[in-house]
Amino acid sequence: MPTTETFYEVMRRQGITRRSFLKFCSLTATALGLGPAYSAQLAAAMETKPRIPVLWLHGLECTCCSESFIRSAHPLVKDVVLSMISLDYDDTIMAASGHQAEAIVAEIRKKYKGNYILAVEGNAPLNQDGMSCFIAGRPFLEQLKEAAADCKAIISWGSCASWGCVQAAHPNPTQAVPIHKVIHDKPIIKVPGCPPIAEVMTAVVTYMLTFERIPELDRQGRPKMFYGQRIHDKCYRRPHFDAGQFVESWDDEGARRGYCLYKMGCKGPTTYNACSTVRWNSGVSFPIQSGHGCIGCSEDGFWDKGSFYDHVTDTRVFGVELNADRVGLAAAGTVGAAVAVHAVASTIQRVRQPGDFGDRTPGGNPGADDPAKQQTGERS
C-alpha cells in the first residue's frame, strides 16, 4: 500500500528542530487532556506513522465548521493540515479546481482504498434524487456514497453532518438527513456543534493518528473526552445556579453581576460539550461568558425544540427557584441531618460482627489505561 511521509519527516524537512518537535508533542498532549506520560507516545506516533489521507466533502452546510477548524490554536491547524494529515481534497481551501480537483477523489479512493478518512461537513438531501445539493454536475448524495464505500472511517463535522441541523428542521422540504442515515456500514465519529470547537476538531484527528483507533464514543457516537460532561457542570456561573441567583431580564442587575442565565433559556443543563472547559478563540471565552445562554447546538434536533430563550427543560437541581437565604438554611439542615445519620451508622457498624456483608474486595478500574477515560468526565 502506498504511504505518505510521517509527521516528523515533514517537520524536519521544514527546518523544525527536535527540541521544538518534542515541545509540540507535549503541548498537543495537554490540549487533548492527556497526562505527561502520553507525550512520549504521541512523539513516537508522529515519528513512525504515516500521515492519514483525508477527503473532506461538503454537503448542505454554511462552511462554519471549516471556518472553525482553520482557527485551531492547539495544535495549530497548519500543523494538522500540512504535517499531521494529508488533506488531499477540501474544496474550501484547496488550490485545485474543476476536473483536476474532482480527479483527486478518484485517485485517493484507488490509491488508499480502505485506509483514508472521510470527513464530511454538511448533510445530504434525499428529496428529488438529491438535486438540492449538486456539486461538479453530480448530486452530493451520490458522491458521499462513493467516497464512503472505500474509506476507513467517517468524521461527521458539525451538527449538520451529525444531526441534520437547520436544513433538517421542520418542515425539512429537501428531506435533509445526517450522514449516519445514509451510510450504515462504516464507523462514524460525530463531532457536533454549530460549529464545533476548533481544538476539539483537531484533537479528534490527532487522537486517531496517535493511537490508531477512534476515540471512545458515547451512546450517540460523540467522543466522550469532549462530549462526556454537561456544559452546566463546569460552568463558572454554576454557583449562582445552586444559590438560586438568576438573570431575570437582559441587562438587569443580575446580568451585570454575572448570575446564571438558566431563566433566559440557557440550555447548559441539557447540553454535552466542552465549551465551558476548552472554550473558544484559543480559550478566551464561550457564549455564556459573553452573556448569552447556551442554545444547545451540539444536541440532536436543537432547532426544533422551541425558542432559544424559553425554558424547554425542567431542571430541578439544588437551589433552583430559591433565594440565597433559603438555600443557605436548606444546606445547613442537610449537613445537620447527614451528621446525625453518620453517627447512627457508626454506632451500628461497631456492634456488627466482621463478615456481615461478605468479603468486599475493592473493584478494579477498567479502562484506566485508556487516555479517553482520563478527560473531563463521562456521561453516565
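Structure notes:
- Cα radius of gyration and Dmax for the range 109-205 (Å): 13.4, 41
- Amide H contacts for THR6 (H built 1.01 Å from N in the peptide plane; partners 5 or more residues away or on another chain; cut-off under 5 Å): ARG51.
- Cα gyration tensor category, rounded, prolate or oblate, for the range 229-322 with a/c compared to 1.5: rounded
- Pairwise FRET efficiency - ARG213 versus HIS292, Cβ, R0 = 30 Å, nearest 0.05: 0.25
- Candidates per GluC sites (Glu not before Pro) in the range 175-264, loop by DSSP, up to 15 other Cβ within 10 Å: GLU212, GLU248
- Taking trypsin sites (Lys or Arg not before Pro) across the range 217-280, the ones in a DSSP loop with at most 15 further Cβ atoms lying within 10 angstrom of their Cβ are ARG219, ARG257.
- Between the range 208-230 and the range 246-272, the alpha-carbon center distance in angstrom: 30
- The slack in the chain from ALA106 to THR17, taken as 0.36 nm per residue of separation less the alpha-carbon distance, amounts to 28.4 nm.
- In the range 7-227, one over the average inverse separation of all distinct C-alpha pairs is 17.8 Å, which is the Kirkwood hydrodynamic radius.
Throughout, read-outs are computed from the coordinates displayed, never taken from laboratory work. For clarity, every value in this text was computed on a predicted model and none was experimentally measured. Cβ: placed from backbone, ideal geometry, glycine included. Neighbour counts: every protein chain shown.
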